[in-house]
Amino acid sequence: MSSTWSEMVHQPEVILVTGGAGFIGSNFLLYMVARYPTVQFINLDRLTYAGNLMNLRSIEEAPNYRFVRGDVADAPLVERLFREHGISTVVHFAAESHVDRSIMTPLSFVLTNTVGTVTLLEAARKAWGDHADPRRFRFYHISTDEVFGSLGPEGYFTEFTPYNPRSPYAASKAASDHFVRAYYYTYGLPIVISNCSNNYGPYQFPEKLIPLTILNALENRPIPIYGKGENVRDWLYVHDHCTAIERILLFGRTGQTYLVSAGYERTNLELVTQLLDLLDEELGRPAGYSRRLITFVKDRPGHDFRYALDASRLRQELGWQPAYTLEEGLRETIRWYLSHRDWLEAVTDASYRAYYEKQYVLR
Ligand code: NAD
Ligand code: TYD
């Protein structure tokens, strides 16, 4: 980044990163801990099925990094962390993040995503009030485009699109966004929010479309496509998301929302086909070999048809742009999974297999 430290809107000293052992959180920590050695990073993570300390091995000994196992909804723990570590910045990733699981167990989504966020906001409000220099405080909430609902074939979500969440996951995230904004308007807590499109890349748990497709293709298992595969998602390589978060954290305007997207819209069928073709190429398999694994299955209930974001505020105001094309990002992702079979094996244990057997039976 060309800007200097003094030009930053926000200068972090001690950052509480929640959910830093998950997919996006661990990519963010791996990027930031090395890049900002004078900033302290405290990672609070409950280590659910989606959190994995293996992801963070390369920074676990770093002097500016520390891990704490715990729940964001545990008020005494969160308050103690703010007090003991002099936390002045929060980057809040921790969440239950999978739509299909939210259809089966919505309450756990409310507890982590909504109650957990309000618990953090309360502790942050107190710490901000007690802080020697409250202007140096910032609460950054990471959210999703799913809060806006479902688009038809045309148009884009913008920062002004009304909320219309349609899955339990989206509803719990929408509620958390509303609370974060309520703390800004009611108490003046310095917040910033970003809503991003579908991420993919290293360390993503193989329940989401891209890593699930890679895993099943490696094991010659069916690749489930919901409905006709015509639903559209807007794909963002996780490293590009991390550079966007860095910019928004340091330079974003307090109270603002930024939408993050690289503009790669694809139908699920187009995406899976491209991914399988690239995988076959990387593995030296005959062209089109893995396409035969594509299996159309019963649609997800309430399946949002299309997501697409207009990220012009982020691009114009903060000068962000993605570094990866979709093809480059998919190739990087495939190469990462191929060279980290141990990681895939570790996360796909007996409970993972049992979960997927049940999914297939239900369909
Ligand atoms: P993830 O499921 O991979 O990781 C979530 C992490 O949070 C895990 O490490 C888990 O152990 C931890 N966690 C869960 N409940 C917790 C609790 N109660 N207390 C403390 N830690 C807890 O999720 P992700 O894909 O990395 O998503 C991170 C954030 O980005 C989420 O807020 C999600 O809503 C948002 N987001 C994700 C995407 C995406 O495509 N992955 C897109 C838009 C927004
Ligand atoms: P997913 O990765 O679960 O992300 P989200 O639901 O948050 O967008 O799914 C991406 C798209 O792929 C979504 O339209 C649902 C679809 N999908 C499948 O067709 N098959 C699958 O096995 C999964 C997990 C998702």
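The values are calculated or read from the model by the stated rules, or taken from the named source; none is laboratory data. Bear in mind that the values here come from a model prediction, so they are computed numbers and not experimental data. Note that each Cβ is placed from the backbone with ideal geometry, even for glycine, and that neighbours are counted across all protein chains shown. In case anyone asks, the SASA skips ligands and DNA or RNA and just uses the protein heavy atoms, side chains included. Shrake-Rupley method; radii C 1.70, N 1.55, O 1.52, S 1.80 Å.
A few remarks follow.
- Annotation note: of L44, L77, L120, the sole residue that is more than 15 Å from I15 (Cα to Cα) and modelled with pLDDT of 95 or more is L77.
- Boolean, Y258 is in contact with a Ser or Thr (Cβ under 9 Å, 6 or more places away or on another chain) and within 16 Å of ligand 2 (Cβ to nearest atom): no
- Taking the stretch 44-53 as the range and being outside any loop (DSSP other than H, G, I, E, B) and within 12 Å of V72 (Cβ to Cβ) as the test, the residues that pass are L44, D45.
- Checking the stated criteria, P12 turns out not to satisfy the condition of being open to solvent by 50 Å² or more (accessible area, probe 1.4 Å) and assigned to a loop (DSSP other than H, G, I, E, B).
- Filtered by the rule that a residue be touching a strand residue (DSSP E or B) at 6+ places or on another chain (Cβ under 9 Å), in contact (Cβ under 8 Å) with a residue 40 or more places away in the chain and open to solvent by 10 Å² or more (accessible area, probe 1.4 Å), the stretch 43-71 gives D45, R46, F67, D71.
- The C-beta contact set for the stretch 169-182 (first residue more than 17 Å from P106 (Cβ to Cβ) and touching a residue at least 24 places away in the same chain (Cβ under 8 Å), second residue open to solvent by 10 Å² or more (accessible area, probe 1.4 Å) and assigned to a helix (DSSP H, G or I), distance under 6 angstrom, 6+ apart or interchain) comprises F179/V118.
- Residue within the stretch 64-76 that is in a loop (DSSP other than H, G, I, E, B), within 14 Å of F41 (Cα to Cα) and away from ligand 1 (no atom under 11 Å from the Cβ) present: yes
- Residue in the stretch 55-63 that is within 18 Å of the chain's Cα centre (by Cα), modelled with pLDDT of 95 or more and not in a loop (DSSP other than H, G, I, E, B) present: yes
- Any hit, the stretch 249-261, residues being open to solvent by less than 60 Å² (accessible area, probe 1.4 Å), in contact with a strand residue (DSSP E or B) (Cβ under 9 Å, 6 or more places away or on another chain) and farther than 29 Å from Y183 by Cβ: no
- Residues of the stretch 317-355 that are polar (S, T, N, Q) and part of a helix (DSSP H, G or I): T333, S351.
- Among the residues listed as I24, I103, the single one being under 18 Å from the mean Cα position of the chain (by Cα), in a helix (DSSP H, G or I), hydrophobic (A, V, I, L, M, F, W, C) and under 28 Å from P168 (Cβ atoms): I24
- With respect to being within 16 Å of ligand 2 (Cβ to nearest atom) and either of a type in the set (D, E) or modelled with pLDDT under 95 (or both), E219 fits the description.
- Of the strands (runs of 3 or more DSSP E) contained entirely in the stretch 212-298, those carrying at least 3 residues that are more than 16 Å from ligand 1 (Cβ to nearest atom) fall at 223-226, 294-297.
- Hey, F23 in contact with a Pro (Cβ under 7 Å, 6 or more places away or on another chain) and either of a type outside the set (F, W, Y) or within 16 Å of ligand 2 (Cβ to nearest atom) (or both) or not: no
- When the stretch 332-354 is filtered for residues that are open to solvent by less than 50 Å² (accessible area, probe 1.4 Å) and within 21 Å of the chain's Cα centre (by Cα), the ones remaining, listed by number, are T333, I334, W336, Y337, W343, L344, V347, T348, Y352.
- A132 satisfies every condition listed in (1) at pLDDT 95 or above; (2) small (G, A, S); (3) closer than 21 Å to H10 by Cβ except (1).
- Residue check, T105 open to solvent by 40 Å² or more (accessible area, probe 1.4 Å), polar (S, T, N, Q) and modelled with pLDDT of 95 or more: yes
- Among the residues here, A94 qualifies as open to solvent by 10 Å² or more (accessible area, probe 1.4 Å), part of a loop (DSSP other than H, G, I, E, B) and either of a type in the set (S, T, Y) or within 15 Å of ligand 1 (Cβ to nearest atom) (or both).
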